[in-house]
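The values are calculated or read from the model by the stated rules, or taken from the named source; none is laboratory data. These numbers were taken from a predicted model, which means no experiment stands behind them. Positions of Cβ are backbone-derived with ideal geometry, glycine not excepted, and every protein chain shown enters the neighbour counts. Quick note on the areas: whole protein, heavy atoms, side chains included, nothing else; ligands and nucleic acids left out. Shrake-Rupley method; radii C 1.70, N 1.55, O 1.52, S 1.80 Å.
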Amino acid sequence: RPYGTRRERTSFAHVHKNVLFISVDAFHQTSTTKAYSRENSTGGEGWVTCTLVGQHLAWFESVLKEANQIDSIKHIFVLAHIPIIQPVRKMSSSGQFLDRGTESDFWKLMREYNVDCYLTGEVHANTATKDPD
């Protein structure tokens, strides 16, 4: 867990057999005013945006780095509420997405540390997408 951060009760990592599961709370309060820009692929509903920053992002990287040094971990699954790669099917959903998508530091870390699968749920419909790179 990212102890000492606002996410210490909503993000965690757990190893089961040879799989590391990392669940990440990607909702981030930016201000009390609306911060939404579809042109820049940033923002969220009201004053909440979707991103990992600061200590939360550092915790995520430290978990991935350690996992890559443990021989018994063969697979890494990351779970968060919001999609990264667009477009996705959606039904009864705001369609909220991760700020900067595949250009985000969060996505870049998953690539760097060889995450096998990213699972999301915001859109209430199924879309299977392969990393474009």
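Scan the stretch 100-124 for residues that are part of a loop (DSSP other than H, G, I, E, B) and either in contact with a Phe, Trp or Tyr (Cβ under 6 Å, 6 or more places away or on another chain) or of a type in the set (A, V, I, L, M) (or both) and jot them down. Steps first, please.
The initial filter retains those residues of the stretch 100-124 that are part of a loop (DSSP other than H, G, I, E, B), namely 100, 104, 113-116, 120-124.
If the condition is that a residue be part of a loop (DSSP other than H, G, I, E, B) and either in contact with a Phe, Trp or Tyr (Cβ under 6 Å, 6 or more places away or on another chain) or of a type in the set (A, V, I, L, M) (or both), then Val115, Val123 are the ones that fit.
Of the conditions (1) modelled with pLDDT of 90 or more; (2) out of contact with any helix residue (DSSP H, G or I) (no Cβ under 7 Å at 6 or more places or on another chain); (3) open to solvent by 50 Å² or more (accessible area, probe 1.4 Å), Cys117 fails just one. Which one is it?
With (1) modelled with pLDDT of 90 or more; (2) out of contact with any helix residue (DSSP H, G or I) (no Cβ under 7 Å at 6 or more places or on another chain); (3) open to solvent by 50 Å² or more (accessible area, probe 1.4 Å) applied to Cys117, the lone miss is (3).
Of the numbered conditions (1) within 25 Å of Asp133 (Cα to Cα); (2) part of a loop (DSSP other than H, G, I, E, B); (3) open to solvent by 40 Å² or more (accessible area, probe 1.4 Å); (4) at pLDDT 75 or above, Asn40 satisfies every one except a single condition; which is it?
It is condition (4) that Asn40 fails.
Could you tell me which residue of the stretch 44-62 is modelled with the highest pLDDT, considering only residues that are in a loop (DSSP other than H, G, I, E, B) and over 12 Å from the mean Cα position of the chain (by Cα)?
Let us first name the residues in the stretch 44-62 that are in a loop (DSSP other than H, G, I, E, B), namely 44-47, 51-53.
Right, trim to over 12 Å from the mean Cα position of the chain (by Cα) and you get 44-47.
Values: Gly44: 53, Glu45: 52, Gly46: 52, Trp47: 65.
Here the residue is Trp47.
Just name the residue that is farthest from the chain's Cα centre (by Cα) out of those in the stretch 63-105 that are open to solvent by less than 60 Å² (accessible area, probe 1.4 Å), among the small types (Gly, Ala, Ser) and within 18 Å of Leu20 (Cα to Cα).
Ala67
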